[in-house]
Each structure stands twice: as C-alpha cells, then as structure tokens.
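Okay, structure first, notes after.
Nothing in this text is a laboratory measurement; each read-out follows from the coordinates by a stated rule. Predicted, not measured: the structure shown is a model, and the values here were computed from it. Cβ sites come from the backbone with ideal geometry, for glycine too, and all protein chains shown count toward neighbours.
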Amino acid sequence: MYVAGKIFFTKGVGQHKEKLVSFELALRNAKIAPFNIVRVSSILPPHCKIVSLDKGLRELKHGQVVHAVIAEASSNEHHRLMAASVGVAIPKDKNRFGYLSEYHSFGEDEKTTGDYAEDLAAQMLATILGLDFDITQSYNERLDQWKLSGQIVKTRNVSQASIGKKKLWTTVVAAAVLVPPKKR
C-alpha cells in the first residue's frame, strides 16, 4: 500500500462506432491508455504535489496499475453536448487531505461543468473543515467566503467537452492520476 506524493490531471475525447473503442480512444487522447487504471474515490492525500501531465507520465511504466479519479460521459446522439470534469479543493494545512470530485453532464460546456466539479470538491472539504456555507449562494460567493476563512487555498479543475456525431459514440474523460512513490 502506498500514499501518492504526486498527482496530475488530464483529459481526452474519443469517437468511434463502438462505445468501448470510443472510451479507449478518449483514454489515448488523455495519454493514459497504456495503464491499468483502478478507479478510486475522492481524497487528495496530504502533501500531494500537483505535477504536469508530462512529468507525471515520465514516472509511470506502461502496464502499471495506476489509481485515478475519473469522470466520463458517453453518447451516440448526434449533436449531443457532453462534458466530464474532475475538480480539486486543497486545504491550507498541507497535513490535511483535500478532495477530488468527479462530475459529468449533458448539455453543459467545459466551464460550467468545471465550475460545478470545483464546487463539489470545495463543499466536501468545507464540511470536514467545519466551514459554514449557504447552499443558496452561488459557488463563487461560497468560494470567496471559504478562501477568506484561510482554510481552503486553491481549487481547480480539468474538464473535457465534446459534441456527438452522427452514427458514432463520443466519450469524454477527465482524470486525476495518483503517482505512486518511486521504489527505493
């Protein structure tokens, strides 16, 4: 068992007449197809450093079992807008864990989907930090309040949207990939 010390974010889209192949092509587009991906829940480990896609990939070997938080959406409807997003909320105290959230939607663009994924992650983090929030407030109002509390320092997302094409499956993926520590 390990605790990841690094994480990277990626996204992709694939289209094919077969749903499974469109998913594979989305993973290829996201550059994570050569790994055995195990989906995990939504905890950002304490002290976990966000690294670039290229840096994270350099630390992995093809065929390796890799843990990831993945959001995906698929459709074979012509002109169907779909999006997938992973949001992250990082606490100020690096000894605490943060949250990752996965969200997918239909009819929403990347910005809307990404904002919502960030909101979900921030809400989960806020609840364990004991921060109050009013669900009737907009995400930006709540985020401003949380950031002013000094306990949530950063939120971000990775999002992918696409529009379905006639007679093809379209799949979008967004992922946060946990990088295992190097063996000594």
Lys182 paired with Val3, simple spin-label distance in nm, labels 7 Å along Cα-to-beta-carbon: 2.1
Farthest positive-ward along region 6-179 dipole, Cα basis, beta-carbon charges - from Val66, Ala176, Ala117: Val66
Point-charge dipole on Cβ atoms (K/R +1, D/E -1) for the chain, about Cα centre, debye to 20: 1080
Label-to-label distance, nm, for residues given as His62 and Ile50 (7 Å Cα→Cβ offset): 3.0
Rounded to 5, percent antiparallel among DSSP beta bridges of region 6-179: 85
Proxy reagent accessibility, fewest Cβ within 10 Å first, across Ser101, Ser42: Ser42, Ser101
Counted charge near Ile163, where neighbours are those whose Cβ lies closer than 15 Å (Asp, Glu -1; Lys, Arg +1): 0
Built amide H within the under 5 Å cut-off of Phe35, gap 5+: Gly63
Residue-by-residue Karplus 3J(HN,Hα) for region 161-170, coefficients 6.51, -1.76, 1.60, Hz, glycine and proline x: 10, 7, 10, x, 10, 4, 6, 10, 7, 10
Counted charge near Ser105, where neighbours are those whose Cβ lies closer than 12 Å (Asp, Glu -1; Lys, Arg +1): -4
Whole-Hz couplings from phi, Karplus 6.51/-1.76/1.60, listed for region 58-74; x for Gly and Pro: 5, 8, 10, 10, 4, x, 5, 6, 10, 8, 8, 9, 10, 10, 8, 9, 9
Pairwise FRET efficiency - Lys165 versus Asn95, Cβ, R0 = 30 Å, nearest 0.05: 0.05
